Structures are given as C-alpha cells and as structure tokens.
Amino acid sequence: MLKALIVEDEYLAREELAYLIQEHSSIEIAASVEDGLEAFKFLQERDVDVVFLDINIPSIDGLLLAKNLHKTARPPRIVFVTAYKEFAVDAFEVEAFDYILKPYNEARIIGLLRKLEALESAPPPTASVPAAPHATESASLSRTVNLAKGDSIIVTPCEEIYYVEADEKVTLVYTARDRYVMAMSISEFVSRLPADSFFRCHRSFCVNIHKIREIAPWQNSTYIIKLYDLKAEIPVSRSNIKAFRQLMHL
C-alpha cells in the first residue's frame, strides 16, 4: 500500500485533499503537516511514497523542500497542490510527478490517484538488451520523463517519445499524439532519456531507435531516418554516421 504525506497550511484544503485520497484510493495518509520544516523533519524519520505538497507554506517553501527531497536516497514522488499556475515550470525542474491546481477538481484528483496506484501495481523493470526497431518491449519500458503542457506536468513513458528536436532556445518533444515545448537545451533533455533507446543522430535531433521504420540514403553518404506513425524525416549528421551504422548494424 502506498503511503502519503500531505503538506498544506490551509486547514480546509488539507482536509478536502485527505478526504479525496481516502474516498478514491487505497493510499494511506501517514501524516498531514502545516509547514515545510515539519515535513522535512517527518521525512527524515519516515519513508513515504508520495508527498502532496503546497508551494506557499511556512518555514521552507514547497519548491525548496522538493529540491532537497529529490536528492535523498529514496525520494518520494512529489505532487504539487497549489493555487498558482506560474510555478509549473519550476515544478518540472524538480521532476514533480504532477501539478494540481486549487480549487481541486475531483475528476482530476481521481485520475492522479489512479496513476499513482497503477505505478505501485506495475511489475518491476527487468534488464534487457536493446530491441529491434519498433519492438513493443524495450529496456526503457517502465521509465518516464515529465513533459510540460500548459499548466500541467504530463508523466510520459520514454517509449512514447518518437524524437526530440532543438529549436533555438527550446526543445521540441514529439509523441504520436502531441508535441511538447520544453524550456531547456536539447542536451539537457536528452540526458534524462535512457541511453539504450535514444540516439543523438544530429546536433539538433535525437531519435528513439525503436520507432525507426526506414533508413534511407541521403546526401554526402549520410542517411535520413523515417519513423512509424509520424511523417518526420530526421537527418543523420556525418559526424555520427559511424556510431549510427554500428548501432543499427548497417
């Protein structure tokens, strides 16, 4: 059973959140506290699986507390609960599991709780070798990254990412259904992806090797990569040809 800590200084908000968790999930609420310092002391003595964390709290604000928790040996998942939309990007930087706005939307909370419980019931990842292109199982199957979309943080399995593209000061992340704009360099984002599934084929592109449908010859003895489900054509730079050939057994 998952255990949770609620960190919220507003009594009514704290009680409403506790009610929703108890009503719609089997998650055990280990404690409810009012300020960041009290939460930090509690977590030094007790382990929990998820922290529902307000940002504007006394003693230690929620973002600073999350940064400290993120560095621990067994960091809990952080779900920010706040009335402020403008902290969504900061929440992404500390790899928050989700970002919930007040006043609470019951359906939104239920969806979050189901995601948390689904992660608990999922089988642990097993070691594997890189699969053939478009294989349904890969070494990255259970790994996720956080993608920002509006005021929300979308916890996305890495296997759903097709490719990543640098676009001036931001990075574009493509899945089969959507495009996400990340306020960071492509190098920083790629560092969060599993190296056994993603290949930096060009300074401006990184591709999921399990989504490659076709490798076509291109100018100057290089290649163009075509993907399943998407119409994108991704170049392989000359400096990466050797590594790409070895990776794809060309």
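Give me the accessible area per residue for the chain, probe 1.4 Å, as a whole number in Å².
On the way: 13250 Å² over 250 residues.
On a per-residue basis, 53 Å².
Which residue, E93, E23, E34, tops the fluctuation ranking in a GNM of the chain built on C-alpha contacts under 10 Å?
Evaluated over the chain, the most mobile residue of the options is E23.
Classify the chain: rounded, prolate or oblate, from the alpha-carbon gyration tensor (a ≥ b ≥ c, eigenvalue square roots; a/c under 1.5 rounded; otherwise prolate if a/b is larger than b/c)? Show your work: numbers first, answer last.
On the way: a/c = 2.52, a/b = 2.18, b/c = 1.16.
Prolate shape, in that a/c is at least 1.5 and a/b is the bigger ratio.
So what are the ³J(HN,Hα) numbers for region 98-103, from phi and the Karplus equation (6.51, -1.76, 1.60; θ = phi - 60°), rounded to whole Hz, Gly and Pro as x?
Whole-Hz 3J(HN,Hα) from phi for region 98-103: 7, 9, 10, 8, 8, x.
Show me 225-231, 241-247 ranked by packing, highest mean number of other Cβ atoms within 10 Å first.
Listed from highest to lowest mean packing, they are 225-231, 241-247.
Round to the nearest 10 and report in Å² the accessible area of M1, as given by a 1.4 Å probe over the protein chains' heavy atoms.
Its accessible surface works out to 140 Å², give or take rounding.
Would you mind working out the magnitude of the charge dipole of the chain relative to its Cα centre, with +1 at each Lys and Arg C-beta and -1 at each Asp and Glu C-beta, to the nearest 20 Debye?
Numbers: 28 positive and 36 negative charges, 325 e Å.
Here the chain has a charge dipole of around 1560 debye.
Tally up the carbon and sulfur contribution to the accessible surface of region 19-106 as a whole percent, 1.4 Å probe, everything protein left in place.
Numbers: 2060 of 4470 Å².
In region 19-106, the share of accessible area belonging to carbon and sulfur is 46 percent.
Find which of V190, N68, C201 sits farthest along the positive direction of the dipole of the chain, computed with +1 on the beta-carbon of Lys and Arg, -1 on that of Asp and Glu, about the Cα centre.
Of the listed residues, the answer is C201.
Can you list the HN-Hα couplings for region 182-192, worked out from phi with the Karplus curve (6.51, -1.76, 1.60; θ = phi - 60°), rounded to whole Hz and with x for Gly and Pro?
Computed from phi, the couplings for region 182-192 are 10, 7, 6, 6, 5, 4, 5, 5, 4, 4, 8 Hz.
The values are calculated or read from the model by the stated rules, or taken from the named source; none is laboratory data. Computed from a predicted model, the values in this text were never measured in an experiment. Glycine also receives a Cβ, built like all others from the backbone with ideal geometry; neighbour counts cover every protein chain displayed. Please note that ligands, DNA and RNA were not included when accessible areas were found on the heavy atoms of the full protein model with its side chains. Shrake-Rupley method; radii C 1.70, N 1.55, O 1.52, S 1.80 Å.
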